[in-house]
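Below you'll find the structure, written out as C-alpha cells, and then a few comments.
The values are calculated or read from the model by the stated rules, or taken from the named source; none is laboratory data. None of the values given here were measured: they were computed from a predicted structure. Because the Cβ atoms are built from the backbone with ideal geometry, glycine has one as well, and the counts that use them run over all protein chains shown. The area values use the complete protein model at the heavy-atom level, side chains included, leaving out ligands, DNA and RNA. Shrake-Rupley method; radii C 1.70, N 1.55, O 1.52, S 1.80 Å.
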Amino acid sequence: ALGRRVLCGTERATVRYVGSVPPTAGIWLGVEWDDPQRGKHDGTYEGTQYFKCRHPRGGSFIRPNKANFGVDFLTAIKDRYGLNVEQDVQHGTEDTLVFGKKTVEFVGMDSIAEQQRQVQLNQLVDISVRECAVSHAGQKEEISRTCANIRHINLSKNLISSWETVTAIASQVQNLETLNISENKMKFPSTSTSVSSVFSKLRILALNQTEITWTEVLLCAPGWPALEELYLTSNNITVLERPDNVLQTLKLLDLSDNQLLDGNQLHLIAHLPRLEQLILRNTGISSIHFPDAGFGCKTKMFPSLKGLAINDNKISQWSSINELDKLPSLRSLQCHNNPLMDTEKNPETLRQLIIAKISQLEILNKSEILPAERKGAELDYRKIFGNDWLAAGGNWNPEKNKPSEEFLAAHPRYPSLCLKYGAPEEGELKGRQPLTLKNQLLTLTIKCPEKPEQKPVERKLPESMTIQRVKGLLYRLLKIPGSELKLSYESSKLEGKEVELDNDLKPLQFYSIENGDCVLVRW
C-alpha cells in the first residue's frame, strides 16, 4: 500500500507508512497530505520517525477504514454515466405491468437491461471521469470488452499513483488519441520504457501537476511515437535535456508554471523538428538568445515554431525581442506582463515597436497585425531612430553607410527597413516626430446624424485614444452607454464613404483618422 493515493473526505494524500503506532493498538496509515495545512507532524510521533514528509506539518496517522482507496476505471464510468447495475438494484427496477386486474411479469428484464448497458458503454467515445476516485484499471480485458470505442479519456484529479496504472488502462483502449491525467501525483518509470503499441495512436497528452520531471518525460517518450501535443504545466521542472530520437512528432509543448533555470534551457529543446507552438508562461526566463545567428540572420533553432507565448516572465531587455526576429517561422507572439512592457507608457507605442522589430509577425497578443499597421510601425521606427542611425555612422551614401556594431545590436532590423523603404531623408528627421510614436492631438467634429436635435461639437482628442475611451467620452456628453453606441467616421478624402470604428481596443490612428474628419455617432 505504500505510495498509494487515498481520499479522506475531500482531501487527498499519499500513504507513506502502514503498521502499528505504539502504544495504540491496531493498524494505522501514515499519510502525507497534498495540502500540508491538513497535517499535524512530519511523520514523527512520540520521538519515533515512522515516515518522512516534505512539509514539517504535512503528515498524519489515520485508520484504514477512514481512507477511500478508490474504484476501478470501469466502475467510475458506470457511476458517472448512470450505467451501474448496483444503482439499478438499489433504486429498484419494475419487471411487472398491470393490465386491468391482472399483473403480468416480464421474464429476462435484467439480461435485457444489461445488454442495453453494454450497448451504451460501447457507444462512448469521449470519456470524462475527473474526480471520480479512480485508482486502478480493474479486471484484465474488462475495459476493452465493454468500451471498445473510447478515443478520448479525462482521468484528471483521481487517485492514480503510478504510470503502470495508466498503462494498464490504456492497453485496453486500442484507439486512444487524447489522454488527460493531470493532477494525479504518481510515480514514473526510472528506466527507459520499451516501445510498445499501448500509446501508438496517442496524439494529445496532459501531465499537468503530476510531479513528473523532464528526465522522466524522456524515459516515457519512446512509448509515445505519434504524440503531437504535450502539456506539462506546474511540475517543478527546472532543467531540460535534449530529446534524442523521441518527441520528434511533437507540434505543441506547454511548460508553463515551471521555473526554468535560465533561458538557455530552451536551446536543449530547440531542435524538435515539428514543434509549432511553445508555451512558456511564468517560467521565470529573463532573456532569450540564439547564439548561432548574427544580426539580420535566421537561427537553425526551432525551425517550425509558429507560435510563442512568453507571458508573465522577467524579460526586461529589447534585445530578447530582437532575437525573436531570428526565428524563421514565427507568426504569433504573446508577451504580456514582462518588465519590458513598462519601458513605454503608451501601450500602442510598445506594440508598434515590437511589430517593427519582428518582421514576419502576424499576430501580437492575440490581435491581428494588418498590413497597414505593419507599414506604419516600420516607417515610424525608421524615422524615430534615424538620428541615432546617423550618429552611429549611418549615411545616405551606401559607400559611407557603416553603422556601428552597437547600433546594429540594438536595431538589427534597421538596415532591412532602409532597404525596404529607403533611408530616412534629412527633412523627415528634422520634422515632427513620427505620428504613432508621439501623442498627437486631432481636431474632430462629432455628429449624431440620426438625432438632429444634438448639435455637432468639436473636440481635440489624442490619436492614441482607443475607441473604447472615445465611447466613454461620448457617454459623458450624451448619457448613452458605450455598449449601445456605434461609431464611424467620414473624411473629405473619402467622399460618400463611411468607415466603421468597430474595434474598441484600437486607437483612432489605427483607422487613419486625420484633423478635420467627422466622427458619426448612432445608437
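In the range 341-356, the residues that are without any contact (Cβ under 8 Å) to a residue 40 or more places away in the chain and closer than 18 Å to His411 by Cα form Cβ pairs under 6 Å with partners that are acidic (Asp, Glu) and surrounded by fewer than 17 Cβ atoms within 10 Å (Cβ to Cβ), at six or more places apart or across chains, as follows: Leu350/Glu344. Contact annotation: residue pairs with Cβ atoms under 6 Å, 6 or more positions apart or on different chains, pairing a residue in the range 158-176 that is hydroxyl-bearing (Ser, Thr, Tyr) with a partner that is outside any loop (DSSP other than H, G, I, E, B) and surrounded by 22 or more Cβ atoms within 10 Å (Cβ to Cβ), are Ser161/Arg5. Every test in (1) surrounded by fewer than 19 Cβ atoms within 10 Å (Cβ to Cβ); (2) within 16 Å of Ser329 (Cβ to Cβ) is passed by Leu278 save one, and that test is (1).
So which of Gly296, Gly263, Gly307 ends up being touching a residue at least 60 places away in the same chain (Cβ under 8 Å) and either within 21 Å of Ile358 (Cα to Cα) or among the hydrophobic types (A, V, I, L, M, F, W, C) (or both)? Outline the logic, then answer.
Values: Gly263 fails: touching a residue at least 60 places away in the same chain (Cβ under 8 Å); Gly307 fails: touching a residue at least 60 places away in the same chain (Cβ under 8 Å).
The match here is Gly296.
The sole residue among Ile279, Ile169 that is in contact with a helix residue (DSSP H, G or I) (Cβ under 7 Å, 6 or more places away or on another chain), of a type outside the set (S, T, N, Q) and at pLDDT 95 or above is Ile169. For the range 444-465, filtering for residues that are open to solvent by less than 80 Å² (accessible area, probe 1.4 Å), within 18 Å of Arg522 (Cα to Cα) and not in a loop (DSSP other than H, G, I, E, B) leaves 4.
Just so you know, in the range 382-402 the residues that are without any contact (Cβ under 8 Å) to a residue 40 or more places away in the chain and under 20 Å from Ile358 (Cβ atoms) include one that is surrounded by the fewest Cβ atoms within 10 Å (Cβ to Cβ), and it is Asp388. A residue that is more than 21 Å from Tyr414 (Cα to Cα) and either buried (at least 20 other Cβ atoms within 10 Å of the Cβ) or at pLDDT 95 or above (or both) occurs somewhere in the range 288-301.
Looking at the structure I just gave you, is Glu323 over 28 Å from Pro243 (Cβ atoms) and either surrounded by 15 or more Cβ atoms within 10 Å (Cβ to Cβ) or touching a residue at least 40 places away in the same chain (Cβ under 8 Å) (or both)? For Glu323, the condition - over 28 Å from Pro243 (Cβ atoms) and either surrounded by 15 or more Cβ atoms within 10 Å (Cβ to Cβ) or touching a residue at least 40 places away in the same chain (Cβ under 8 Å) (or both) - is not met.
Does the range 166-197 hold any residues that are open to solvent by less than 30 Å² (accessible area, probe 1.4 Å) and either in a loop (DSSP other than H, G, I, E, B) or among the aromatic types (Phe, Trp, Tyr) (or both), and which are they? The answer is Gln172, Val173, Leu176, Ile181, Ser182, Asn184, Met186, Phe188, Pro189. The set of residues from the range 7-46 being β-branched (Val, Ile, Thr), within 22 Å of Asp72 (Cβ to Cβ) and touching a Pro at 6+ places or on another chain (Cβ under 9 Å) comprises just one member, Val18.
One residue stands out in the range 326-364 among those that are touching a strand residue (DSSP E or B) at 6+ places or on another chain (Cβ under 8 Å) and more than 13 Å from Leu308 (Cβ to Cβ): the one that is surrounded by the fewest Cβ atoms within 10 Å (Cβ to Cβ), namely Arg351.
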